[in-house]
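Some notes on the structure that comes next.
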Amino acid sequence: MGVPDRHLMAKVVKGKGQSLCGEPRKALFAPGQVGPNVRNASDDKPWGVVEKSVGGLSIPILSITRLPHPKDPGWAGFEEKLIELIYDAPTLIIDLRGNGGGDDTTMRTVAAYLFGQDAPTAVEARIISKTPATMALWTNDNTFEMARYRRSGDTAPHWLVESRSQRVEQFQRAERGELTAEVEQPIEGGLPYNPQKAFGTQLTF
């Protein structure tokens, strides 16, 4: 199975036997009319918590306006705060309005905490392209991100410099023909959802 539309990666949906890219993927989405995020999306930090008073209760809204790499310093303290909110808050609202997407690794972590197990997923595999052109694009992604830090007068974080170094090495290996052009990576989802496992014996219906 090829990766269509010059994508770097495709996801195979269970029972479909096909990847969702290009027009089939776009057809799944419709423009939303849900208003702006509760927090200023121009804030450099990807997340924050806003408290709203509802019926005499203080309800936390976990605002996530962008999804940078999980090692991005902007995520500092996020996981600890998420755990605190899940177990201490009367309820939790997660506001993703205005989020243009990005790296979904952190959101899978969020889902795992909410479900108490690997998050259920309809995706059964990823097909990852590892051609020289693909590896060059991955390397450029890091290069542009490092340039963004330089333009703002900041030093690129260590994880980003290391990631680019690794991708340069992968690019060189791909040019030498040492990498398989496409790799299918199975994904194990946490099905079925077990709410007792997620929240313990305190949860009753």
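What follows is calculated from the coordinates using simple rules that are stated; it is not laboratory data. Everything numeric here is computed off the predicted structure, so don't read it as measured data. Cβ placement follows ideal geometry from the backbone for every residue including glycine, while neighbour counts extend to all protein chains displayed.
Here are the numbers for this structure:
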{"quantity": "Length released on extending from L96 to S152, taking residue separation times 0.36 nm less the Cα-Cα span", "calculated": "17.6 nm"}
{"quantity": "Lysine pair count for segment 33-162 [Cα-Cα under 24 Å; pairs on different chains or 8 or more apart]", "calculated": "5"}
{"quantity": "Dipole of segment 75-120, positive end: most advanced residue of G116, G100, A89 [Cβ charges, Cα centre]", "calculated": "G100"}
